[in-house]
Structure formats: structure tokens, C-alpha cells
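Novice: Handing you this structure, nothing more for now.
All of the numbers you see were taken from the coordinates with simple rules; none came from a lab. Since the structure is predicted, the reported quantities are computational estimates derived from the model, not experimental observations. Please note: Cβ atoms are built from the backbone with ideal geometry, for glycine as well, and neighbour counts cover all protein chains shown.
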Amino acid sequence: MLIAQITDIHIRAKSDLVAGRFDNTASFAETVKTIAEMAQKPDILLVTGDIADSGKVSEYEVFRQIIEQLAIPYLLLPGNHDKRDAMRQVFADHGYLPQHGPLNWVVDNYPLRLIGLDSLVDDKPYGMVSGETLNWLDARLAETDRQTLIAIHHPPFSSGMKSMDAISCLNGDEMAEIVSKYQHVIITTSGHQHRSVQTIWAGTMANICPATSPQIPLILGVETTPQIIKEPPSFQIHYKRDNQPLVTHTIPVGDFGGLVDV
Ligand SMILES: [Fe+2]
Ligand SMILES: [Fe+2]
């Protein structure tokens, strides 16, 4: 099974460049083109939040128009820049999205069970998993021992990037108490941090997928003002084969001159 993860797309109106220079919609379109050109087509796309920069219906419509060029099923989670109601409106045909409350979901029709957790706290940059979501997660993990991927926008662990840790999933420890009870969770994957990060957390692999929009510079241990850096837009492939551990590959997007025989 091949899962492509894309995150932190931050779609904006066409003329609204980030810092006057970065076109988030163009870099997303380039990412989609790179996925389309892969030799092996992903089975599903996992979109882990900050889809729209301002949560506007028009931004989700642009996202939808671009992603559907791939003709691959996709699963959506909200990030801190998203609005649940606008997502429900534009993706009303996405039957896995609940009509009310947190946008938590479980998708069972793949070799890997996929669980999405809503960590959005309205109008706040940080995330939290509500008591309702934690109870829901515990119940879902208790009902089967099928191997499971958990996706959540805000990382539930500290990366050491102090300014980002301050706005991560603030009650990640409560989530860890639940996840660590179940050995069948094989990866927890996030976005939000606009960098590729991996660790072991709650007895499982924990991963952060880099953004398709600008990355955030690696600054460890000290608070900084908000900054971005022109590292390439990127996405990840999670590859799971029978009886093999899941592996995660990170793919930068851009024109690097093509393949060179050596
Ligand atoms: Fe983001
Ligand atoms: Fe975010």
C-alpha cells in the first residue's frame, strides 16, 4: 500500500503571495504534478491540514480543483488555518467526514487502517485533542488489532523547535497514554511544523511531513519570530508491504535537472 501525504498547502487567492514572493497554490500544483508523474501511483492521498490559508470556501475550491487532477481518493484533516464548516461545505460528498463535531474519521477499506484526528482549536495556532476525540480514539483502537496509521495536524510530541513546540498539540501526553496501550499503531503522522521530523513516541514511529508551501527554518532550542525559508516544497510516501515495516520517503519538489546516469 502506498500512501502519499501532503500537508500545509495554505492555499491563498492567486495574487496573494506569502511575503510577496511565495505562491502556495503554484507549489501545490507542482507537487500534484510530481505525484502524477510517479511510476507507482499512490492508493490514497492523506492531507493533514492547513489546506486553506484563511479557511475560505474559495480556497478549498481551488484546492479541490487541483488535487482532483490526480484522480486518487483523498482524506482531509483540518489544521489551525482551516474552518470545519467550510470544509464540510466544499467536501460534502466526502462521506467519511462527520456532519457534526470534530472531524475525526476512520477508514477501514485498505490494508492499513487509517484514523484521522481533529486537533483544531478554533482561532488558535496551537492544537489540542478534545476529551471527546480522546475517548473516540481509545474506542477505535480497542475495536480491532489491525495495523493502524494515525494522522493529526498538530504534532503530539516536541521537536525541539521551541517556537513550534509552543503551538504543537498541547495535550499530546494525554494522547500518548492512549496510543501506547495499543501495539497495532505503527505510525502517527502530522504536519504543521513545515519540516520533516521523525521520532519514537508512545511506542510508535512518529513523523512530521514537510509542507508543500514554504518550510520553517530549523532553529533549535530558542524562541524566534515567525520565519520561513525557501527550501523546496515536499511530500512523503508511506510504503507498507506485507510482513515488512512501514517505511517513509520524503520527496522534494522542483526542477533538479532530471535523472543522471552514473
Ligand atoms: Fe501550516
Ligand atoms: Fe498548522
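Novice: Determine the distance separating the Cα centre of region 67-82 from the Cα centre of region 33-50; give it in Å without decimals.
Specialist: The distance from the Cα centre of region 67-82 to that of region 33-50 comes to 10 Å.
Novice: Subtract the Cα-Cα distance of residue 165 and residue 94 from 0.36 nm times their separation in residues, and report this length gain in nm to one decimal. Please list the in-between numbers first.
Specialist: Values: separation 71, 0.36 × 71 = 25.56 nm, distance 3.16 nm.
That works out to 22.4 nm of additional length.
Novice: Separate question: May I ask you to evaluate 6.51 cos²θ - 1.76 cosθ + 1.60, the Karplus curve with θ = phi - 60°, for each residue of region 131-144 and list the ³J(HN,Hα) values in order in whole Hz, giving x for glycine and proline?
Specialist: Once θ is set to phi - 60°, the couplings for region 131-144 become x, 4, 5, 4, 5, 4, 4, 4, 5, 5, 6, 7, 7, 7 Hz.
Novice: Could you tell me whether region 81-178 comes out rounded, prolate or oblate from its Cα gyration tensor? Rule is a ≥ b ≥ c as square roots of the eigenvalues, rounded for a/c under 1.5, then prolate if a/b exceeds b/c, otherwise oblate. Write down the numbers at each step before the final one.
Specialist: Details: a/c = 1.91, a/b = 1.15, b/c = 1.66.
Oblate shape, in that a/c is at least 1.5 and b/c is the bigger or equal ratio.
Novice: Still on this structure, please answer the following. Among 14, 240, rank each residue by its count of other Cβ atoms within 10 Å, from fewest to most, as a rough exposure measure. Please list the in-between numbers first.
Specialist: Numbers: 14 10, 240 20.
Arranged by neighbour count, lowest to highest, 14, 240 become 14, 240.
Novice: Identify, among 198, 222, 262, the residue whose Cα sits farthest towards the positive end of the charge dipole of region 182-262, taking +1 on the Cβ of Lys and Arg and -1 on the Cβ of Asp and Glu, with the dipole about the Cα centre.
Specialist: Checking the options against the dipole of region 182-262, the answer is 198.
Novice: Enumerate the amide H contacts of residue 104 below 5 Å, restricted to partners 5 or more residues apart or on another chain; note that Pro and chain-start residues carry no placed amide H.
Specialist: Placed amide hydrogens put 118 under 5 Å from residue 104.
Novice: What are the ³J(HN,Hα) couplings of region 15-28, residue after residue, when phi is run through the Karplus curve with 6.51, -1.76, 1.60 and θ = phi - 60°? Round to Hz, x for glycine and proline.
Specialist: Couplings: 7, 9, 7, 6, 6, x, 10, 9, 9, 5, 5, 5, 5, 5 Hz.
Novice: About the Cα centre, and with charges only on the beta carbon of Lys, Arg (+1) and Asp, Glu (-1), how big is the dipole of the chain? Nearest 20 debye, please. Mind showing how you got there, number by number?
Specialist: Values: 20 positive and 31 negative charges, 49 e Å.
Roughly 240 debye, rounded to the nearest 20.
Novice: For the chain, how many pairs of lysine residues have a Cα-Cα distance under 29 Å, where the two are 8 or more positions apart or belong to different chains?
Specialist: Taking the Cα cut-off of 29 Å, the pair count is 24.
Novice: Could you work out how much longer the chain between residue 41 and residue 184 gets when fully extended? Use 0.36 nm per residue separation minus the Cα distance between them, nm to one decimal.
Specialist: Working: separation 143, 0.36 × 143 = 51.48 nm, distance 2.59 nm.
That pair, residue 41 and residue 184, stretches by 48.9 nm at full extension.
Novice: Moving on. Would you mind telling me the antiparallel percentage of the DSSP bridges in region 2-252, rounded to 5?
Specialist: Values: 21 of 43 bridges.
For region 2-252, the DSSP antiparallel bridge percentage is about 50.
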